[in-house]
1. Mind telling me which of the residues ASP165, ASP139, ASP95 ends up being in contact (Cβ under 8 Å) with a residue 24 or more places away in the chain, exposed (fewer than 14 other Cβ atoms within 10 Å of the Cβ) and assigned by TED's automatic domain parsing to the domain that holds PRO33?
2. (1) assigned to a loop (DSSP other than H, G, I, E, B); (2) closer than 26 Å to TYR9 by Cβ; (3) of a type in the set (Gly, Ala, Ser): which one isn't true of SER200, the others all being true?
3. Can you spot a residue in the stretch 62-81 that is touching a residue at least 40 places away in the same chain (Cβ under 8 Å), of a type in the set (Lys, Arg), crowded, with 16+ Cβ neighbours inside 10 Å and over 30 Å from ASP38 (Cα atoms)?
4. Can you tell me how many residues in the stretch 175-207 are closer than 21 Å to GLN16 by Cα and buried (at least 17 other Cβ atoms within 10 Å of the Cβ)?
5. Filter the stretch 208-229 down to the residues that are assigned to a strand (DSSP E or B) and β-branched (Val, Ile, Thr) and list them by number.
6. With THR66, THR71 as the choices, which residue is farther than 23 Å from ASN129 by Cβ, among the β-branched types (Val, Ile, Thr) and modelled with pLDDT under 85?
7. Report every pair of residues separated by at least 6 positions or lying on different chains whose Cβ atoms are under 6 Å apart, first residue within the stretch 98-109 and hydrophobic (A, V, I, L, M, F, W, C), second surrounded by 15 or more Cβ atoms within 10 Å (Cβ to Cβ) and not in a helix (DSSP H, G or I).
8. Determine which single condition LYS157 fails, assuming it passes every other condition in (1) surrounded by 15 or more Cβ atoms within 10 Å (Cβ to Cβ); (2) under 24 Å from SER60 (Cα atoms).
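The values are calculated or read from the model by the stated rules, or taken from the named source; none is laboratory data. Just so it is clear, the structure is predicted and the values come from calculations on it, not from any experiment. Cβ placement follows ideal geometry from the backbone for every residue including glycine, while neighbour counts extend to all protein chains displayed.
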Amino acid sequence: MQTVAHSAYQTIDTCQEQFSDRRWNCSSVRNAPHLTRDVARGTREQAFIYALASSSLVHSMARACTLGVTTKCSCGALPNKPPKGDYKWGGCGDDVIFAVRFTSTFTNASLQSKGKPKMSKKAAMNRHNNAAGIAVVADGLETTCKCHGVSGSCSIKTCWKALPDFDSIARTLKSRYALAVEVKRKRKKQQKVFVSINPSIKNIRSDQLIYYTKSPDYCSLYPKTGSVGTHRRLCDKDSSGPGGCESMCCGRGYNSFTMEVVERCECKYYWCCYVECKMCKKTLELSRCR
């Protein structure tokens, strides 16, 4: 459970980092388990959070296996195929197979009733987005190598399969958030399935995020929808992107001001073994939404 807790904190921090320059800045996720409507009514934001949380748990658990934090698993199995290159398989790879199995069971436990999957639209959407987050991590395994040899030579190279940093996975999911598919439920062969409301999208891939409730614009404080608004949010007056003042402030305008901060600078390392830094004053030019 220590690993599960770590993945939960990682989800919260990463979500806010990824959306720090957006109107919706993921601040509502800190209210969990008491979620506001922006992440509890089938929105695109809810889709992202569920996918991020499941991917975080897979990543954290796979790394915990490799580090020996838990006795339930260890190193990942070495690939069956011979290596394509001048190296050999070895080392301790991330145990993604165990992590995926654990995460699927854990995340979908709350989406079941009496041992059977809940059939509500929200539960089905959350299951799909959980699986999408898991798939992004499972597909992200990379070959990592280490050289062995005299004086740093690479006469022998050992490689294993490892996951990238979680920030890389989060960026992939953020791009999936932007391309999330709006869906509706339709009965097909005595089953209710999700179909895109866009007729040009015939099939929804398992790694795509889905949602069925349009999001508010998040410009103004509106508790009914979970929007906290962008009043007094910092923005970049020189940017035309989502973090720029024109977009962030929703046309209300902004105020510019300066702030003086003190930070370490001109640091020097002395052998052995300490670092000395000067303290420098720096003036920042900032803008804040009205």
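1. Only one candidate passes the filter, namely ASP139.
2. SER200 satisfies all of (1) assigned to a loop (DSSP other than H, G, I, E, B); (2) closer than 26 Å to TYR9 by Cβ; (3) of a type in the set (Gly, Ala, Ser) except (2).
3. Within the stretch 62-81 (the criterion being touching a residue at least 40 places away in the same chain (Cβ under 8 Å), of a type in the set (Lys, Arg), crowded, with 16+ Cβ neighbours inside 10 Å and over 30 Å from ASP38 (Cα atoms)), the answer is yes, since at least one residue qualifies.
4. 3
5. Taking the stretch 208-229 as the starting set, the residues that turn out to be assigned to a strand (DSSP E or B) are 210-211, 221-222, 227-228.
Once the filter is applied, which keeps residues that are assigned to a strand (DSSP E or B) and β-branched (Val, Ile, Thr), the stretch 208-229 yields ILE210, VAL228.
6. On the way: THR66 fails: modelled with pLDDT under 85.
Sole residue among the options that is farther than 23 Å from ASN129 by Cβ, among the β-branched types (Val, Ile, Thr) and modelled with pLDDT under 85: THR71.
7. Matching pairs, first to second residue: PHE98/CYS73.
8. Of the numbered conditions (1) surrounded by 15 or more Cβ atoms within 10 Å (Cβ to Cβ); (2) under 24 Å from SER60 (Cα atoms), the odd one out for LYS157 is (2).
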